[in-house]
Ligand SMILES: Cc1cc2nc3c(=O)[nH]c(=O)nc-3n(C[C@H](O)[C@H](O)[C@H](O)COP(=O)(O)OP(=O)(O)OC[C@H]3O[C@@H](n4cnc5c(N)ncnc54)[C@H](O)[C@@H]3O)c2cc1C
């Protein structure tokens, strides 16, 4: 057993740092000021290979694997929380679902463009009726026509949906059935009429890389863009969320580390009552608790990637890791809030923004309660978390 990151992963992490310094930090604020999606930055991230780690070479990937995905997602999120989303939309939930469940020709048609950042991705599962119960809440329908389907309904909270070129979207082909009525589709929002995305105002989160409500009115999907069989959509969605938990756990660890680093450096600088506040034991206790929580969360977040790299089902470890990462990020975010005092509310410091992203990631890919339910039902013997094997085409697991 080796707890050190292999050298090539350390170099990968270093390269994300350098990329941030030269390509992201100088350019991202202008996109943010204009509220414009940073296509050029996403394209450069793709070109540099950061989205292709879990894909085979024939699709333009590097086959570096899932631990590499975790390392990249953590570092990118630590440095630029808003770009952390890309590790889902460009590297996992959207393209990996197409690769995992699509035919070779579907994968060839969409994956290379997504992982190279030429095409912007989205993953559209949640609806207004309740993201924690997608099967029960789903009202969007896909009605068969001569040469495909017409989609009607709406989706809620769909990240990148006003910029997306390609997405994976779930709709009911059998509205009477619950889980078994759901099918998955590759959608091309810009190719057809009947698609509209309305940004959801959210304070603290990026206005350039944002989430929207999506409205579909007789939106066409050709037959060849259905993913898997009719009725297989729920299984595809649950599998996809597993890959989402890999990146979301790592992103939470990155945010937690950023909050902790900010707290440590401010505690050493800020002088109150004649000494740096770092010397006050009540703040030291908060920092010590956060350090340990973040270290533990990082180990477990990486364990998801390691488990996937072994070609093993990672559902059990993924729900535990995501839950622990949420706790660690909340603790570190609160510690930063306390250390910064009133300045935690100032836009001059990163604390408010980091906490907004921590809140956001706490609900994404299953809320804290959803993870608690999965963990408790597994350990109580009610539902084995690893009962369904995870499809992992890169590691030949079907
Ligand atoms: C900024 C942002 C971006 C997002 N991006 C995407 C995206 O790109 N694609 C996408 O498909 N979705 C996306 N989501 C949706 C996200 O996945 C959902 O918000 C999440 O699944 C929770 O659903 P909900 O908000 O409807 O909460 P609800 O399901 O209504 O839950 C409300 C509360 O009830 C609790 N609860 C629900 N069921 C149970 C239960 N069985 N036991 C105990 N407690 C329970 C929950 O834990 C929560 O605290 C995004 C959300 C946000 C905020």
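The values are calculated or read from the model by the stated rules, or taken from the named source; none is laboratory data. The structure displayed is predicted, hence computed values, not measured ones. As a convention, Cβ positions derive from the backbone with ideal geometry for all residues, glycine included, and neighbour counts pool all protein chains shown.
When the residues of region 386-396 are narrowed to those that are within 16 Å of residue 234 (Cα to Cα) and out of contact with any strand residue (DSSP E or B) (no Cβ under 7 Å at 6 or more places or on another chain), which ends up surrounded by the fewest Cβ atoms within 10 Å (Cβ to Cβ)? Steps first, answer last, please.
So the first thing to find is which residues in region 386-396 are within 16 Å of residue 234 (Cα to Cα), and the list is 387-391.
This time we only want the ones that are out of contact with any strand residue (DSSP E or B) (no Cβ under 7 Å at 6 or more places or on another chain), so: 387-388.
Numbers: 387: 10, 388: 13.
Top of the filtered list is 387.
Is it the case that some residue within region 137-151 is surrounded by fewer than 18 Cβ atoms within 10 Å (Cβ to Cβ) and within 11 Å of the ligand (Cβ to nearest atom)? Yes; the residues of region 137-151 include at least one that is surrounded by fewer than 18 Cβ atoms within 10 Å (Cβ to Cβ) and within 11 Å of the ligand (Cβ to nearest atom).
Counting the residues of region 318-361 that are within 12 Å of the ligand (Cβ to nearest atom) and at pLDDT below 95 gives 0. Among the residues in region 198-213, are any in contact with a strand residue (DSSP E or B) (Cβ under 7 Å, 6 or more places away or on another chain) and away from the ligand (no atom under 15 Å from the Cβ)? Within region 198-213, none of the residues are in contact with a strand residue (DSSP E or B) (Cβ under 7 Å, 6 or more places away or on another chain) and away from the ligand (no atom under 15 Å from the Cβ).
Is it the case that region 60-74 has a residue that's at negative phi and within 16 Å of the ligand (Cβ to nearest atom)?
Scanning region 60-74, I find at least one residue that is at negative phi and within 16 Å of the ligand (Cβ to nearest atom), so the answer is yes.
Among the conditions (1) more than 11 Å from residue 214 (Cβ to Cβ); (2) assigned to a loop (DSSP other than H, G, I, E, B), residue 164 misses just one, which is (1). Only one entry in 248, 253 is crowded, with 18+ Cβ neighbours inside 10 Å and closer than 18 Å to residue 315 by Cα, namely 248. Of the numbered criteria (1) in contact with a strand residue (DSSP E or B) (Cβ under 6 Å, 6 or more places away or on another chain); (2) not assigned by TED's automatic domain parsing to the domain that holds residue 390, the one residue 311 fails is (2).
A search for C-beta distances below 8 Å between a residue of region 361-381 that is in the same structural domain as residue 328 (by TED's automatic domain parsing) and more than 22 Å from residue 253 (Cα to Cα) and any residue that is more than 6 Å from the ligand (Cβ to nearest atom) and not in a loop (DSSP other than H, G, I, E, B), counting only pairs 6+ apart in sequence or on different chains, returns 378/316; 378/319.
Let's see how each residue does on (1) surrounded by fewer than 14 Cβ atoms within 10 Å (Cβ to Cβ); (2) under 30 Å from residue 394 (Cα atoms):
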site: 99; (1), (2): no, yes
site: 109; (1), (2): no, yes
site: 128; (1), (2): yes, no
site: 160; (1), (2): no, yes
site: 176; (1), (2): yes, no
site: 181; (1), (2): no, yes
site: 192; (1), (2): no, no
site: 201; (1), (2): yes, no
site: 205; (1), (2): no, no
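Does region 123-138 hold any residues that are under 17 Å from residue 234 (Cα atoms) and touching a residue at least 24 places away in the same chain (Cβ under 8 Å), and which are they? Listed by number, the residues that qualify are 123, 124, 125, 126, 127, 131, 132, 134, 135, 136, 138.
Mind checking whether some residue in region 163-183 is in contact with a strand residue (DSSP E or B) (Cβ under 9 Å, 6 or more places away or on another chain), without any contact (Cβ under 8 Å) to a residue 12 or more places away in the chain, farther than 24 Å from residue 44 by Cα and within 15 Å of the ligand (Cβ to nearest atom)? No, there is no match, as no residue in region 163-183 is in contact with a strand residue (DSSP E or B) (Cβ under 9 Å, 6 or more places away or on another chain), without any contact (Cβ under 8 Å) to a residue 12 or more places away in the chain, farther than 24 Å from residue 44 by Cα and within 15 Å of the ligand (Cβ to nearest atom).
When the test is whether a residue is outside the structural domain of residue 177 (by TED's automatic domain parsing) and over 20 Å from residue 241 (Cβ atoms), residue 103 passes it.
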